[in-house]
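The values are calculated or read from the model by the stated rules, or taken from the named source; none is laboratory data. Quantities reported herein were computed from a predicted structural model and do not represent experimental measurements. Here the Cβ is made from the backbone with ideal geometry for all residues, glycine too, and neighbour counts use every protein chain on show. Ligands, DNA and RNA are excluded from the accessible area calculation, which covers all protein heavy atoms including side chains. Shrake-Rupley method; radii C 1.70, N 1.55, O 1.52, S 1.80 Å.
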Amino acid sequence: MKLEHKKTFILITAAWTVILIGVFHHQHTKGTSINKNTSRRTIVKYNQTIQTNIPGIKSSIQHQMTNKKEVISKLNGKHDINSQSQETKIYETFRSNKTNKGEKENRNISVSITERTKIIKRHKIHVNDTKVLQRVEHFQHIDITNLRVFVYELDPKLNLDAVECLNKRPKNYTHGVACHYDENLGYGRANGELARGVKTFRQCQHGIEVIFHNKLLKSPFRTENPDDADLFFVPYYASLICFCQENVKHSDTAIWKVLKVSKPYIQKKPHFFAIGVPQGDLFSNPKWTPHCHFLRNRPHLDFVKYAHIESSPLLKDGVDIPRESYIHFDTPDVELPRINKDILVFMAGKTLGKSLRKILIRQLTDKRANNSRKNGTYFDMTRGKKSCSDSASKDMFKCLLKTAQRSIFCLQPPGDTPTRKSFYDMLLTGCIPVIFTPHPSYFYPFQNLIKYNYPFNYDKFTIFIKEKRITKRGENIIDILSKIPKHKIRSMQEHLKMIAKYFQYGTYGNGEDAFTMSLRTILTAFHIEGKFLKKQT
């Protein structure tokens, strides 16, 4: 080997030794990361050396790159996405040789360690599933045209009787009376239009079980042959049965007896439920679901998932889907109307004894702080209160939605649980949600679809403010939001228009909406979406 080749080989070996030491040091030392500048300089020098195609070291380089792939795989599994280094994109170039009719072709595969790590950690895919990582680069979306879902036929005592029970106002009910879950396929009582093609319904916030059931029964995805099914839906109305409080213990036991004798369940085919309350409520919430132990007593099975309007990040079998809203579109082509937005900040709700809510309400209603109604508006939703000042709207319900249409930002402080139905109501009026809970990926839907290029990066259409800025530091919410640049506001508003249809359960039969996106996120939760991935065109 020539002297200059030996020098180059020594240089490369030394450089990669430094990198490998840094990688393994990162694995065993929490909070440390590969030095950005050193890595970049080394990578550039390494790539330049490859370009010279020195015959004497080609095989050595290939061997090093094979080992490097293993190191990257380990790094993906242990990299801390919350560290400051996540903003630093370190690109590695792997070069492999492909023989085609005796001719060698070089292929460059660009890999972002940081981006892949985000995908692994944030979307809970298997670290060693390299095929899934490759799909991120080579596929655009999940095509569910050929998806087939089998819907179990259950005894009415396990679903429909709960709706009838609530209509009769049982003595010990906890919630759900006068919600009209039996009207309009679960949407509730019709209440006119908010805009062209935008229907409103007096919908209670726990009717997702009825809506999902009816949508599946009428959808093109339904199959009556279990052998053809990709997913199996169990239409058990767990939350409504809890609200009714009649035969709760019997029902929670009976549903599992039905499933355990079914062939698809025995074969461990993917099964899922739609649950109309936050996942934690079906454990031990004395206010909403007393004596309900459906989830507490459930078998822990990898092939059974629970699609909740709010899942718990601590439970692996929960899947987040959108809450049902007051608003539903007639067609998937509906666009949010352009409304003059003359209110900066809007909030509707009750105090609920929460310190954050009390402070926000005080800031929005404090006239001594030069706060005009155009800057901050608050609707007290306590029963009997009248907050609507719009003389053109006698209906308090309509007034709420029309005021949201006129608002730029809508505050969404936590309620009984971290998320609120109001988040979806306000989003569908074109008002930018302002959330105070921990990162939205913990509680809001469709986060596991971002890796397939779906537009659900919440940073692009919501504002996240740490609660302590209001409760501890004494900052004013109006002051915070008024400093957001206009170009960012316009960008968020345009993004809201693009994604709005995916957060409502359309009254139309075929077309994209919250229902179809929920099916995709359920497929991804089971890690069986690969069958439906469509190549980018």
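Structure summary
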item	result
Long-range neighbours under 9 Å by Cβ, at least six apart or interchain, first residue closer than 26 Å to L428 by Cα and free of Cβ contacts under 8 Å to residues at least 40 places away in the same chain within the range 456-480, second aliphatic (A, V, I, L, M) and in a loop (DSSP other than H, G, I, E, B)	I480/I465
Pick from the range 301-331, criterion in contact with a Ser or Thr (Cβ under 8 Å, 6 or more places away or on another chain) and part of a strand (DSSP E or B), ranking: nearest to I361 (Cα to Cα)	I327
Residue match in the range 238-247 (condition: closer than 19 Å to C292 by Cα, surrounded by fewer than 21 Cβ atoms within 10 Å (Cβ to Cβ) and in contact with a Cys (Cβ under 8 Å, 6 or more places away or on another chain))	yes
Pairs, first closer than 30 Å to I142 by Cβ in the range 230-243, second open to solvent by 10 Å² or more (accessible area, probe 1.4 Å) and of a type in the set (F, W, Y), C-beta under 6 Å, six or more apart	F232/F150; V234/Y152
Residue within the range 440-463 that is assigned to a helix (DSSP H, G or I) and over 18 Å from the mean Cα position of the chain (by Cα) present	no
Matching residues, the range 302-315, being open to solvent by 30 Å² or more (accessible area, probe 1.4 Å) and either in contact with a Pro (Cβ under 7 Å, 6 or more places away or on another chain) or touching a residue at least 40 places away in the same chain (Cβ under 8 Å) (or both)	P313
Single residue of V210, V198 found to be more than 17 Å from F233 (Cα to Cα), open to solvent by less than 20 Å² (accessible area, probe 1.4 Å) and not hydroxyl-bearing (S, T, Y)	V198
Hey, P337 touching a residue at least 60 places away in the same chain (Cβ under 8 Å) and under 22 Å from the mean Cα position of the chain (by Cα) or not	no
In the range 443-468, the residues that are farther than 23 Å from P278 by Cβ and open to solvent by less than 70 Å² (accessible area, probe 1.4 Å)	K451, Y452, Y454, P455, N457
Enumeration of residues in the range 485-507 that are part of a loop (DSSP other than H, G, I, E, B) and exposed (fewer than 15 other Cβ atoms within 10 Å of the Cβ)	P485
Search result, residues across the range 398-414 that are open to solvent by 20 Å² or more (accessible area, probe 1.4 Å) and either in a helix (DSSP H, G or I) or free of Cβ contacts under 8 Å to residues at least 60 places away in the same chain (or both)	K398, K402
Hits in the range 358-381 (condition: modelled with pLDDT of 85 or more, part of a helix (DSSP H, G or I) and either among the polar types (S, T, N, Q) or over 19 Å from R469 (Cβ atoms) (or both))	Q363, T365
Selection from the range 332-357 of residues that are part of a loop (DSSP other than H, G, I, E, B) and in contact with a Gly (Cβ under 6 Å, 6 or more places away or on another chain)	P332, V334, L336
Total residues in the range 269-319, condition modelled with pLDDT of 80 or more and among the aliphatic types (A, V, I, L, M)	8
Qualifying positions in the range 220-258 - within 27 Å of the chain's Cα centre (by Cα) and among the aliphatic types (A, V, I, L, M)	A229, L231, V234, A238, L240, I241
